[in-house]
1. Go ahead and run the numbers for FRET between residue A:217 and residue A:101, Cβ-Cβ distance against an R0 of 35 Å, rounding to 0.05.
2. Mind listing P(r) for segment B:352-437? All alpha-carbon pairs, 10 Å bins, whole percents.
3. So how far apart, in nm, are the two label points at residue C:50 and residue B:406 if each is 7 Å from Cα heading toward Cβ?
4. Within chain B, what percent of beta bridges assigned by DSSP are antiparallel, to the nearest 5?
5. Just the Cα atoms of segment A:231-277: what Rg and Dmax do they give in Å?
6. Using DSSP, restrict attention to beta bridges with both residues in the protein assembly as shown and report what percent are antiparallel, rounded to the nearest 5.
7. Cα-based Rg of segment C:16-78 per 2.2 N^0.38 Å, rounded to two decimals?
8. Please list log₁₀ I(q)/I(0) at q = 0.21 Å⁻¹ for segment C:1-117, using the Debye equation with identical point scatterers on the alpha-carbon positions.
């Protein structure tokens with residue numbers, strides 16, 4: 001049960017202001033989700049053959065520099081990194097599988113929040129305002145961003161249970177609603193080799209998409225399958241490397257509103273999260289239809 | 001064939017296909033519809049009778065029975081409301097609709113509650129002037145159907161109870177069959193006379209706790225933040241539901257266990273959905289304690305409460321008050337033996353009557369028939385209910401004093417032990433004579 | 001005209017000021033500035049006031065309205081005019097889901113589109129939508145009239161009771177127990193009057209009427225698949 005917000009810039013001139021435009025949107029959804037908040041921002045892309053990881057360690061004092069140095073030496077890769085609160089972003093001239101294998105072997109206490117060429121996922125327990133402050137959201141740049149504020153229903157209030165959930169390379173998902181068949185589905189997905197960190201229903205939706213995409217589905221096909229296989233109530237927003245997608249379940253009880261101008265497409269659970277966007281007064285504003293996909297992507 | 005004959009002839013009844021089961025299969029085969037009935041769960045469940053109090057002797061000192069004070073008053077809705085509800089006794093009357101019950105029965109409930117210094121509650125179908133007039137403290141239910149809902153009555157209420165579910169049917173909507181939709185009921189509900197009424201199971205304009213938070217604010221805005229807002233849930237995933245009700249902004253949470261009654265619901269729902277009241281209370285209290293809200297957001301518990309021992313046990317487990325429905329109707333005369341002959345004419349018997357949906361109640365309570373309704377004198381009924389409420393309170397006080405408490409709310413789980421492993425596990429108190437609480441290690 | 005600017009005032013102050021007019025009306029004309037999608041604007045009014053909301057409103061705007069005439073110069077969120085008793089609520093833009101839910105009287109005009117479940121469980125209100133309505137509109141509608149000048153989504157009028165529905169455009173599908181009905185002169189007259197009251201210029205002859213088949217009013221075994 002939560003608030004969702006997303007902002008996709010059509011006008012590249014606004015990219016330097018992405019964080020600044022997005023921060024009030026996230027904070028406006030505090031009442032819908034006072035337990036935890038997070039966002040996935042896309043930008044600062046690494047080149048071909050490189051991988052960008054968002055890594056987290058529970059201890060603020062963790063020696064990221066040491067880990068970076070060891071990785072460079074052990075794997076013989078080029079590596080660039082920076083720290084943001086408990087999280088570090090590593091850009092490495094290597095592939096996902098090798099990096100995952102290395103980290104699980106050499107630094108098992110490090111949690112991988114996202115993997116891709118563009119995505120960074122940042123999330124924490126607490127009020128959206130604190131989380132925006134912790135990560136200095138307003139200073140961030142990028143092409144698009146999706147965020148989430150959480151009112152936990154059944155699973156625990158933890159960083160791991162916060163959204164967005166990574167669903168694969170440069171993909172993530174945020175969810176408002178409550179799934180009713182996620183427990184059985186989680187067991188099936190585990191047998192397919194999908195790993196889960198929590199008892200959270202939304203993580204199962206994310207894991208489901210990861211699995212479908214791994215089977216070779218396009219995003220559109222994966223979402224079509226999700227409509228068949230997920231039971232319960234949901235509004236999803238899915239971040240992709242080039243944009244984002246929005247989908248509601250066939251009953252469509254959980255709210256969603258979209259707004260589009262020449263400069264951007266914005267999505268929120270409630271209109272009040274959109275009021276600070278420039279030119280919103282004249283934007284085209286509408287609600288997504290049930291069981292319908294809305295995908296905005298710029299050409300790769 | 002009498003039981004005696006069965007015994008001597010060596011006939012053996014199947015435990016799986018017993019007489020009730022066979023009768024139900026035959027009934028289903030005849031009619032093609034599930035059994036709809038009133039009353040609550042009839043199956044045996046772990047209940048308050050499986051708990052015992054540890055009265056004081058040497059290590060604790062009891063209070064003197066009739067002289068030393070034992071407070072029974074309780075204040076509900078202290079979190080946000082400008083005017084919390086103050087009750088003399090912690091036993092309230094649960095929501096029962098005009099429609100399911102006759103106007104006289106509703107009036108009797110209001111009268112009885114007012115004499116005893118407690119609150120009564122409207123139901124699905126709106127507030128009647130009789131009921132408002134006779135109830136000193138009246139809680140107005142806000143239900144998915146919104147039958148009879150209007151802002152004037154909302155502002156007349158002393159508290160608002162947003163109903164998400166009922167212990168007899170968590171996840172299900174209400175029902176009122178056509179037989180009971182008289183002119184007055186139809187008019188109050190804006191429905192044609194004589195048709196089956198289907199009440200929704202979800203509220204029409206919000207879904208989920210995030211939207212509920214906004215709905216609660218709307219109700220507060222309409223009533224200028226004067227009165228408490230209760231949230232009522234049927235006991236199922238109680239630990240989570242209570243946490244979410246607190247997050248959504250409730251002043252008071254009402255948890256109705258599966259023994260709670262109903263006017264008309266599918267039998268399969270009544271018997272197979274929900275958890276016993278006994279199991280729900282510790283879950284609710286744990287949720288409140290973890291949030292630092294126990295006693296700040298008050299907890300009312302209902303579902304199968306019959307006597308002062310039940311009341312005291314609920315409070316010892318952490319409730320601030322209880323609510324009674326079925327027991328209050330029995331106090332008014334529901335299922336009274338003096339109508340046994342008439343009960344038999346409609347295929348039931350005194351003590352077994354549960355076809356509230358048919359509206360033929362010989363006791364004049366669950367009916368809209370003017371002739372039958374006349375049988376219940378609201379003044380006399382109110383007096384009986386008040387008597388019964390006083391007995392519940394006196395009994396609870398007696399037990400509290402015996403445990404050395406000068407306030408009912410000072411009873412605690414440590415004053416209780418359990419007789420069975422099941423009740424020990426559910427109530428989270430030790431099995432009598434041991435220190436063992438099943439499920440909580442050693 | 002009294003103006004309340006929600007950029008500086010709280011929603012609580014707005015509603016209290018409007019409620020204070022119930023006992024003694026000192027100001028009939030009100031204007032709300034900078035609503036910015038906030039919830040519960042102008043709820044529970046009990047007086048013949050005129051309220052102009054200059055911008056978008058959040059959830060439950062004009063909830064339980066009595067007597068007042070409220071105009072939203074923008075879009076309205078979920079449950080606009082829910083349980084309205086009387087008066088008029090006019091939305092210049094679109095309305096979100098459950099517009100006019102359980103409303104018992106008065107007139108709700110939506111000049112744009114309405115979302116899902118428009119008029120759910122309506123109990124006597126008249127709703128006129130200039131655009132289209134979403135799925136499950138008028139679900140369990142009990143009484144009143146719903147007029148849709150555009151199209152209707154899936155399962156229109158599911159489990160309908162006595163609401164009369166008029167739709168000019170396409171109906172994606174009818175819900176259980178909802179059927180097309182004959183447009184008799186009294187219906188044309190009723191519709192003309194509703195359109196006129198709503199200030200919408202449409203030809204009543206272009207509309208079709210829908211209502212309850214009344215087959216689910218009392219349980220019948222043969223209808224079991226509809227339950």
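All of the numbers you see were taken from the coordinates with simple rules; none came from a lab. These figures come from a predicted structure and were not determined experimentally. Note that each Cβ is placed from the backbone with ideal geometry, even for glycine, and that neighbours are counted across all protein chains shown.
1. According to the calculation, E is roughly 0.85.
2. Percent of pairs per bin, in order: 15, 22, 22, 21, 17, 2.
3. Result for the modelled spin labels: 6.4 nm.
4. In chain B, approximately 25 percent of DSSP beta bridges are antiparallel ones.
5. Using the Cα atoms of segment A:231-277, the pair Rg, Dmax is 11.8, 36 Å.
6. Taking every DSSP beta bridge within the protein assembly as shown, about 55 percent pair in antiparallel fashion.
7. Output field value: 1.02.
8. Here log10 of I(q) over I(0) equals -1.07.
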